[in-house]
1. Bin width 10 Å, origin at 0, all Cα-Cα pairs of the range 16-66: what percent of pairs per bin?
2. Take every Cα pair under 8 Å in the chain that's 6+ residues apart, average their separations, divide by the length, and report that relative contact order as a whole percent.
3. Once phi is turned into θ = phi - 60°, what whole-Hz ³J(HN,Hα) does the Karplus curve with 6.51, -1.76 and 1.60 give for every residue of the range 252-263, x standing for Gly and Pro?
4. Send over a whole-number figure in Å² for the accessible area per residue of the range 238-280, probe 1.4 Å.
5. Any aspartates and glutamates with Cα under 15 Å of the K41 Cα? List them, leaving off those in the same chain fewer than 8 positions away.
6. Roughly how many percent of the accessible protein surface of the chain is carbon and sulfur, given a 1.4 Å probe and a whole-percent answer?
7. Output the antiparallel fraction of DSSP beta bridges having both residues in the chain, as a percent to the nearest 5.
8. Which residue fluctuates the most in the chain, going by a Gaussian network model with Cα springs under 10 Å, if the choices are V67, V194, V30?
Amino acid sequence: MTFKIMADSACDLPLSFYKENNVVLFPLKVYLAGEEYEDLKTIAPETVYAAIRNGQIPKTSQVSPTVFKEAFTALAENSEKGVYIAFSSELSGTYQTAVMIYEQVKEDYPHLDLTIIDSKCASLGHGLVVQEAVKQRNLGKSLEEATSVIKASCAHMEHLFTVEDLDYLAQGGRVSKASAFIGGLLQIKPLLHVEDGKLVPLEKIRGKKKLLRRMLDLMEERGAAISAQTVAISHADDETTALELKSLIMEKYQPKEVYISAIGAAIGSHTGAGTIALFFLNQTGE
């Protein structure tokens with residue numbers, strides 16, 4: 001193995017992925033009803049969605065500095081190389097904390113060979129990048145070679161998503177309150193994307209079918225060689241719509257794979273139930 005891969009739970013890959021692919025998991029924290037949980041490890045997304053539907057407001061926090069320190073120290077003590085692909089710095093303080101802990105560990109272990117990448121991605125956009133890192137490692141690429149590919153994937157990852165209610169994102173400061181609006185009664189759906197790691201509202205669309213068609217249109221406008229890509233869809237307790245979107249994509253583009261996974265408890269705490277997100281590489285991707 002040429003290098004170790006580390007990723008946090010905000011990439012919304014299942015726990016089995018970390019175990020099967022020897023990826024170090026850094027769980028974000030979720031706080032619900034006075035209890036602290038580790039995303040992916042000790043709380044299921046369904047628990048969060050049920051709580052939100054019952055009027056509770058879960059909170060989240062970044063990866064514990066102690067977790068970073070233990071992992072980075074172990075890397076140095078074992079004289080291994082590593083790459084940590086972090087959740088967007090615009091959505092969490094996790095990346096900044098990791099850099100701070102890296103500097104501390106580097107003082108004690110000057111030979112620490114770790115690359116920390118701010119993915120500027122979220123959910124399965126982040127997850128696709130982590131999968132690409134595993135692929136590069138399995139191909140026997142060096143850390144330097146893999147880092148170049150990983151950074152390109154981050155830079156060219158498109159995120160298109162809709163939420164049931166923008167108020168959840170506004171409450172957590174993930175979008176501005178001015179951008180949030182109530183469209184439920186009119187069946188108006190917000191369509192958002194990610195610009196430089198930030199969540200940005202794009203359009204307001206009436207009705208689910210029109211929304212899914214618009215996502216496909218934007219995929220055509222922005223996507224590069226979609227038939228050669230692995231496309232990803234993440235959902236917050238709405239597998240039916242995720243499968244519907246997959247079917248539309250398969251019919252139109254025949255991509256190599258459409259990978260579907262549930263949005264985890266940490267990100268789901270901010271999006272609420274009913275979120276559907278689509279990820280693919282854009283026009284300028286490699």
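1. 24, 47, 24, 5
2. Relative contact order of the chain: 23 percent.
3. 8, 10, 6, x, 4, 7, 10, 9, 10, 8, 6, 6
4. Numbers: 1560 Å² over 43 residues.
Accessible area per residue, the range 238-280: 36 Å².
5. Within reach: D8, D12.
6. Numbers: 6280 of 12630 Å².
With neighbouring chains kept in place, the figure for the chain is 50 percent.
7. 60
8. Top of the fluctuation ranking is V67.
The values are calculated or read from the model by the stated rules, or taken from the named source; none is laboratory data. What you see is a predicted model, and the numbers here were worked out from it, not measured in a lab. Using ideal geometry, Cβ is built from the backbone for each residue, glycine included, and neighbour counts are taken over all protein chains shown. For accessibility, only protein heavy atoms count, side chains too; no ligands or nucleic acids. Shrake-Rupley method; radii C 1.70, N 1.55, O 1.52, S 1.80 Å.
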